[in-house]
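**Q** Mind having a look at this structure? Questions to follow.
The values are calculated or read from the model by the stated rules, or taken from the named source; none is laboratory data. For clarity, every value in this text was computed on a predicted model and none was experimentally measured. Reconstructed Cβ throughout: ideal geometry from the backbone, glycine too, with neighbour counts over all protein chains shown.
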Amino acid sequence: MNGSVPGGPGGEGIPSCAPGQQERRELLHVDCASHVYPDGTRGIHELCFRVYEGEIVALCGPNGAGKSTLIEHLNGLLQPSSGRVTVLGKETGGKGGAELWRFVGVVFQRSDDQLFAPTVLDDVMFGPLNLGLPPDQATRRARDALAAVGAPDLEAKMPAYLSGGQKRLVAIAGILAMDPLIIAFDEPTSDLDPVHGAVIEGIIRDLRDRRGKSVVLATHDLDLASRIADRVCLVKGGSLIADGSPREIFYNQDLLKAAGLLEPAPVRFFRDLCREYGIETTDRPLTLEEISRSPVFSRYGEGSGRKKLE
Ligand SMILES: Nc1ncnc2c1ncn2[C@@H]1O[C@H](COP(=O)(O)OP(=O)(O)OP(=O)(O)O)[C@@H](O)[C@H]1O
Ligand SMILES: [Mg+2]
């Protein structure tokens with residue numbers, strides 16, 4: 001965690017790549033990349049971004065900020081108009097770029113962009129088959145991935161006839177089945193019901209905690225980002241305007257305002273409560289669980305017979 005907030009509130013972004021973290025292995029580097037779409041729209045502008053081994057990094061920013069454009073550069077789907085993107089030291093547009101999809105999996109914001117096979121099982125098997133696995137192993141991987149996302153009953157369905165949330169689950173399963181080193185999820189929970197949303201949140205945690213993967217998570221759900229991200233990058237106007245820990249970023253009201261974002265609900269609740277009761281604290285809880293453990297409340301609970309939550 002570098003904990004820096006380079007652009008700061010109202011910042012102009014990072015004009016050139018600041019040095020990365022020495023202590024962690026860098027897997028992916030977006031080096032001052034810009035992308036101009038054919039109609040002249042600027043998708044990202046001199047954007048610098050790194051992904052380290054075994055972390056969940058959240059990309060947060062308002063509509064049209066450039067999050068999806070950035071994500072589509074991570075697996076070489078888009079190439080930068082200027083600057084460069086490297087994965088494990090190899091440039092995505094270079095000779096080593098062709099095999100990039102083995103290392104970086106992207107779950108697109110629009111699931112329809114990802115699903116194309118006649119059945120769900122064919123779709124989820126496509127990646128493992130392309131990796132060279134024999135059909136029986138590819139089938140096993142696909143079924144395991146569908147079970148993991150809570151959609152084992154969909155395997156015989158036609159992707160086109162799935163609901164929006166079901167398509168999302170199948171798209172996520174398709175990437176999980178390939179088992180890449182880095183997985184970028186673009187708004188993975190935006191159309192999921194709360195139960196499936198919690199399943200996907202669990203999968204993302206598991207990818208980091210038990211399987212050592214790196215996850216990039218573009219999301220408007222700042223509550224989700226505050227619960228699971230190790231690092232939060234704020235994107236605005238095609239540039240990264242801040243990069244820091246969830247506590248640094250989500251307790252910086254000026255920065256969030258400059259980015260066009262609202263603080264996560266638990267942060268707002270804790271702030272309002274402290275303001276209401278005139279409590280001054282440096283504590284920065286991010287979840288309801290952390291709020292319940294805050295020294296602020298243990299102090300107020302003393303002598304009241306209130307049990308401390310463990
Ligand atoms: N294919 C395209 N052609 C032209 N402009 C595009 C294209 N795709 C995206 N843009 C523009 O690029 C900018 C960044 O879009 P992008 O989709 O990356 O934003 P985003 O942060 O993902 O937004 P959202 O939160 O709505 O998903 C926007 O101004 C958008 O209109
Ligand atoms: Mg997007």
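**Q** Specify the residue that is surrounded by the fewest Cβ atoms within 10 Å (Cβ to Cβ); the eligible residues are those in segment 119-144 that are more than 20 Å from Glu99 (Cβ to Cβ) and in contact with a Pro (Cβ under 8 Å, 6 or more places away or on another chain).
**A** The qualifying residue surrounded by the fewest Cβ atoms within 10 Å (Cβ to Cβ) is Thr119.
**Q** Which of the residues that make up segment 49-82 are over 16 Å from the mean Cα position of the chain (by Cα) and among the hydrophobic types (A, V, I, L, M, F, W, C)? Quick ask: steps written out before the conclusion?
**A** First, the residues of segment 49-82 that are over 16 Å from the mean Cα position of the chain (by Cα): 64, 76-82.
Passing the criteria: Leu77, Leu78.
**Q** Any idea which of Val216, Val195 is under 28 Å from Val51 (Cα atoms) and not aromatic (Phe, Trp, Tyr)?
**A** Numbers: Val195 fails: under 28 Å from Val51 (Cα atoms).
Val216 is the lone residue from the list that is under 28 Å from Val51 (Cα atoms) and not aromatic (Phe, Trp, Tyr).
**Q** Hey, another quick one. Would you mention how many residues in segment 271-287 are among the hydrophobic types (A, V, I, L, M, F, W, C) and either at pLDDT 95 or above or within 15 Å of Pro246 (Cα to Cα) (or both)?
**A** Looking only at segment 271-287, we keep the residues that are among the hydrophobic types (A, V, I, L, M, F, W, C), and these are 273-274, 279, 286.
Remaining after also requiring either at pLDDT 95 or above or within 15 Å of Pro246 (Cα to Cα) (or both): 286.
Counting residues in segment 271-287 that are among the hydrophobic types (A, V, I, L, M, F, W, C) and either at pLDDT 95 or above or within 15 Å of Pro246 (Cα to Cα) (or both) gives 1.
**Q** For segment 247-293: of the residues being of a type in the set (S, T, N, Q) and either over 27 Å from the mean Cα position of the chain (by Cα) or part of a helix (DSSP H, G or I) (or both), which is surrounded by the fewest Cβ atoms within 10 Å (Cβ to Cβ)?
**A** Our first condition is that a residue be of a type in the set (S, T, N, Q); within segment 247-293, this holds for 252-253, 281-282, 287, 292.
Add one more test, that the residue is either over 27 Å from the mean Cα position of the chain (by Cα) or part of a helix (DSSP H, G or I) (or both), and what stays is 253, 281-282, 292.
Details: Gln253: 14, Thr281: 12, Thr282: 6, Ser292: 12.
So the residue we want is Thr282.
**Q** Would you pick out the residues in segment 156-194 that are in contact (Cβ under 8 Å) with a residue 24 or more places away in the chain, away from ligand 1 (no atom under 16 Å from the Cβ), under 25 Å from Gly61 (Cα atoms) and not in a loop (DSSP other than H, G, I, E, B)?
**A** Gly165, Lys167, Leu169, Ile172, Ile175, Ile182, Ile183 - these are the residues of segment 156-194 that are in contact (Cβ under 8 Å) with a residue 24 or more places away in the chain, away from ligand 1 (no atom under 16 Å from the Cβ), under 25 Å from Gly61 (Cα atoms) and not in a loop (DSSP other than H, G, I, E, B).
**Q** Another question, then. Suppose we filter segment 209-246 for residues that are surrounded by 24 or more Cβ atoms within 10 Å (Cβ to Cβ) and without any contact (Cβ under 8 Å) to a residue 60 or more places away in the chain; how many remain?
**A** Residues meeting the conditions: 0.
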